[in-house]
1. Could you tell me whether PRO98 is closer than 23 Å to GLY42 by Cβ and part of a helix (DSSP H, G or I)?
2. Conditions: (1) touching a Ser or Thr at 6+ places or on another chain (Cβ under 7 Å); (2) modelled with pLDDT under 65. SER15 meets all but one. Number of the miss?
3. Is one or more of the residues making up the stretch 112-131 touching a Pro at 6+ places or on another chain (Cβ under 6 Å) and not hydrophobic (A, V, I, L, M, F, W, C)?
4. Give the stretch 121-161 a look and list any residue that's free of Cβ contacts under 8 Å to residues at least 24 places away in the same chain and outside any helix (DSSP H, G or I), or say none.
5. Which one of GLY103, GLY52 is modelled with pLDDT of 95 or more and crowded, with 18+ Cβ neighbours inside 10 Å?
6. Regarding the stretch 132-141, can at least one residue be identified that is of a type in the set (Ser, Thr, Tyr), surrounded by 13 or more Cβ atoms within 10 Å (Cβ to Cβ) and out of contact with any helix residue (DSSP H, G or I) (no Cβ under 7 Å at 6 or more places or on another chain)?
7. Can you find a residue that is surrounded by 16 or more Cβ atoms within 10 Å (Cβ to Cβ), over 30 Å from PRO32 (Cβ atoms) and without any contact (Cβ under 8 Å) to a residue 24 or more places away in the chain anywhere in the stretch 63-72?
8. Can you spot a residue in the stretch 73-95 that is in a loop (DSSP other than H, G, I, E, B), within 15 Å of the chain's Cα centre (by Cα) and in contact (Cβ under 8 Å) with a residue 40 or more places away in the chain?
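The values are calculated or read from the model by the stated rules, or taken from the named source; none is laboratory data. Predicted, not measured: the structure shown is a model, and the values here were computed from it. Cβ sites come from the backbone with ideal geometry, for glycine too, and all protein chains shown count toward neighbours.
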Amino acid sequence: MDGTRSQAVVKPTDSDVDLHIPAQRPELRRGPVPLLAVIAAGGAMGACARYGASLLWPTPADAFPWTTLLVNTTGCAAIGLLMVMITEVRAVHPLVRPFLGTGVLGGYTTFSTYAVDAGRLVDGRRAGMALAYLALTTALALSAVWVTDTAGRSLVERWNGR
């Protein structure tokens, strides 16, 4: 592409539709069913992948949650690369970003397990480990997005001869 970002426009359903006004009712027919369907399908796939990781590398109750750290870090790296690919490399169907970004990678990464893991460490009198886990996850996840975004953009510029 020429470096311009593609913008997929998905119109939201207006929550202020008054069913008592016939002229507003047709708006409900254009609901976001395809959007919700791809997010749900992607979310199920991502959650299954995360569950698979937890089965492959289970974390004992009082141990450092390496699996959740790995899942969140790799998921953030994939999100960074995905955003470069769909905004800088080529235009994609408007449902690709919600399917892969919100769905698959949103289902794969897990803030809730991150919080539960930290809480379990605190409950097990491992507050220092919990704080280290919270800080390390945040630092690695943000770094992963930044590194893959930066590297991806650099590769795109190199491919485009800039």
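1. Numbers: closer than 23 Å to GLY42 by Cβ: yes; part of a helix (DSSP H, G or I): yes.
The answer is yes for PRO98.
2. The failed condition is (1).
3. Let us first name the residues in the stretch 112-131 that are touching a Pro at 6+ places or on another chain (Cβ under 6 Å), namely 117.
If we keep only those that are not hydrophobic (A, V, I, L, M, F, W, C) as well, we get 117.
Among the residues of the stretch 112-131, at least one is touching a Pro at 6+ places or on another chain (Cβ under 6 Å) and not hydrophobic (A, V, I, L, M, F, W, C), which makes the answer yes.
4. Result: ARG125, GLY161.
5. On the way: GLY52 fails: crowded, with 18+ Cβ neighbours inside 10 Å.
After applying the criteria, what remains is GLY103.
6. Checked against the condition, which is being of a type in the set (Ser, Thr, Tyr), surrounded by 13 or more Cβ atoms within 10 Å (Cβ to Cβ) and out of contact with any helix residue (DSSP H, G or I) (no Cβ under 7 Å at 6 or more places or on another chain), the stretch 132-141 yields no hits at all.
7. Step one: filter the stretch 63-72 for residues surrounded by 16 or more Cβ atoms within 10 Å (Cβ to Cβ), giving 64-65, 67-69, 71-72.
Of the ones still in play, those that are also over 30 Å from PRO32 (Cβ atoms) are 64-65, 67-69.
Retained after the next criterion (residues that are without any contact (Cβ under 8 Å) to a residue 24 or more places away in the chain): 67.
Looking through the stretch 63-72, at least one residue is surrounded by 16 or more Cβ atoms within 10 Å (Cβ to Cβ), over 30 Å from PRO32 (Cβ atoms) and without any contact (Cβ under 8 Å) to a residue 24 or more places away in the chain.
8. There is at least one residue in the stretch 73-95 that is in a loop (DSSP other than H, G, I, E, B), within 15 Å of the chain's Cα centre (by Cα) and in contact (Cβ under 8 Å) with a residue 40 or more places away in the chain.
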